[in-house]
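Everything below concerns the one structure shown next.
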Amino acid sequence: MVRFRNLTIRQKITFILMGTTSLAVLAACVIFYALVINQYRQSYDNELGSLAKVVGVNCHAALVFDVAEDANNMLASLSYHPSIISAQVHTASGELFADYSSNDAAVVGAERGHSLPGVLRVQQELVLDGSKIGTITLVDDMRVLHAFNRMATVTVGVVVAMVLGLTFLLAGRLREIIAQPISELAALSRRVTEEQDYSLRAVKHGTDEVGNLVEAFNRMLLQIEERNVELLGSEHRFRTLVNQAVDAFSLHDEQGRFVDANKRACESLGYNREELLAMNLADVEVDLDRERYREKYWQALAVENPITTEAFHRSKDGATFPVEVRMGLLELGDQRYVMAMSRDISERLQVAEEKRQLENQLQQAHKMESIGTLAGGIAHDFNNILSPIFGYLELALLRGQDDAIKVYLQHVLKAANRARGLVQQILTFSRQEVQKQAPIEMDVIVKEALKLLRATIPANIEIVQQIGPDRGLVLANPTQIHQILMNLCTNAYYAMRETGGVLRVALTPVELNAEMVRNINLNPGKYLRLEVSDTGSGMDEETLSKIFDPFFSTKPMGDGTGLGLSVVHGIVKNHGGSITVVSELGEGTTFYVFLPVAPSAGSAVGEKIPTTEVSHAGNEHILLVDDEKEVVNMEKEMLGSFGYRVTVCTCPEEALQLFRTQPEVFDLVITDMTMPKMTGDHLASAILAIRADMPVILCTGFSEKINKDKAMAMGIREYVVKPFDMNDFVAVVRKVLGAGGRGD
């Protein structure tokens, strides 16, 4: 063995240099190797930690909204990192929320919680607004670290085998190639995590493992960015869709707390979203407490069994409104929520109530129309029955000599007049009796009627009158207006007869718009409103629905006919107005009568009955036509008693044929209106076509086809309504024929 000291200086220098260099290179390689491996391990740990943070941050929304599917999708993006063999997200309570694993069989053991050699486990807490909402765990098989270890070992061997001097250059180069990119990558990871800016990219310095790692990291950022954009877009679309919904949408947990709410829910309740999410459903739903929430909703719901119910919600200002609520159970992962869609049904209920009122009004109108038609037919037949009764009674009174019999006949005549008055009331109720109308001052009639009432109503009933200014005129019949007021006030007095009270009569000008006249069957315009109210016992709904029916009365037998309000209803309708009533048991009753204001001023016109006495006798020849034998015989007897010559026909066709053969023989034609085969107006037209100067009197018990104005327009001289008084009838005959009679 050659001793060191025996070597040459060159050899020594070479040996020392080489030995020193070798030792230095070896020591440097070992140290460098240990340093790089340790640094790379730390960087790799940081990278995995950063990756865990990035993925965890993107799982925040899924954890908050309990959307496990989104978390699973986010973990699935780790498939681009082959070294990551398992990833799991747990809730704050430690329950597994989402997981991911590769297809490697060894991962099965890791998922079950077994410790495996050669793996790296990274765990990060997920924190939102200072509160822990869960944890994320990544398991890496460290294949990258193993690959790097082998590469470093080979590199050291090659460097030692090659030029020792290149060791120093290689070490510096390795630092430049490996340490700097990793540091840059770590710094970038921290920035991405802090700023949540996934558009940032790492600079790639080469195509080695570090370069590949940088490239993989950039691809991961791109995927996260795209996924984040999709998630944000999806969330924006969902939020926009929900916020634009016409119904209020909200989510509630098992305790009834608001979890989410759309814009409509906030607007309808008057709260902003932050305020609403701090509240409970029991805070906004009337008659619901937190204990009853589970019983009323939570326990009654199932995923396949949504329910629909109605409730009242209370807004921030204290106002309540009715809502229809559609509620269903929503399962998001292992969480269950109540999803509620609420719709304000105030307008719907109002429309339904208005519809119900209109239907009631329509039914009432149809009922009144049907009864009116029936009343018209009854009036016609009844008047025909009364006509001979009146005629023969008056003839009997005229010719009778026994005073006692005359007294009896007078009583019969009074009863017949009552029957005639009843028929007139029926015709008024059916709105088929024509009355003359003129512009009148309502306040004058109201005040006169109240003076009359004050004298007859007991002192324990106070009468209060409120007559507004600028009332205007109405086109009406004064007698009928007086009848309206007397009927309504009498009914009000009757309701307060035992306990006393206040009878209030008000007359107010009002202008009704289209909305206000919807429920009272009127046209928009100016009206006078007559209001008659009492503080009596009031009426229930059943009574209210019948008060305008003829012969309906709440009074005892003998206290009334039940026609009062029916007649009032007919008069008001005949004047183009409307009558409504509001009443509750124990709260009194108020009638509202609306009459249209007259378009032009004027004064009431009264029809004066001539008082000049004239002789009713005559000797003219009269053709008398009526299909009722009793009526025609009575009229013949009546006219004959005054000296007239009467030819009777019970068939209008025979009468027309007779007139055609001898038109100059007759001085007057008196015909009934309603007859078979030919009505009186047609007979009159045919007679006037033959002889235009022939005077014709048309008689009727009642007819919907003709009235006095139509008859006069046809050329008929007079229009007489049955039953009539004998003196009035022969006076009309004498008036039509003229003052003097003709000779034979």
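Values quoted throughout were computed directly from the atomic coordinates according to the rules given, and no laboratory measurement underlies them. Quick caveat, the model's predicted, so the values are computed rather than measured. Backbone-built Cβ (ideal geometry, glycine too); neighbour counts: all protein chains shown.
Values for this structure:
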| quantity | calculated |
| --- | --- |
| Pair residue 630, residue 587: separation of 7 Å Cα→Cβ label points (nm) | 5.2 |
| Sorted by Cβ density within 10 Å, fewest first, the residues 725, 540 | 540, 725 |
| Simple spin-label estimate for residue 516 and residue 196 in nanometres, 7 Å along Cα-Cβ | 5.8 |
| Dimensionless Rg over Rh [region 49-104; C-alpha; Kirkwood] | 0.95 |
| Extension reserve of the residue 708-residue 526 stretch, reckoned as 0.36 nm per residue once the Cα distance is removed | 62.5 nm |
| Label point distance in nm, residue 292-residue 64, each placed 7 Å from Cα along Cα→Cβ | 3.4 |
| Placed amide H near residue 597: partners under 5 Å, 5+ positions off or other chain | 526, 527, 528 |
| Inverse of mean 1/r across different Cα pairs in region 438-596, Kirkwood, Å | 16.0 |
| Estimated FRET transfer efficiency (residue 312, residue 121; beta-carbon r; R0 45 Å; 0.05) | 0.20 |
| Which listed pairs, of 316/355; 710/735; 414/447; 414/636; 526/705; 414/722, have C-alpha distances above 27 Å, in listed order | 316/355; 414/447; 526/705 |
| Summed residue charge, Cβ within 13 Å of residue 623's Cβ, Lys/Arg positive, Asp/Glu negative | -3 |
| Only Lys, Arg (+1) and Asp, Glu (-1) charged, at Cβ; region 245-344 dipole about Cα centre in debye | 100 |
| Dipole magnitude of region 452-534, debye to nearest 20 (Cβ charges: Lys/Arg +1, Asp/Glu -1, about Cα centre) | 140 |
| Residue 83 long-range amide H proximity, modeled H, under 5 Å | none |
| Extension gain, residue 657 back to residue 411 (0.36 nm per residue minus Cα-Cα distance, nm) | 84.3 nm |
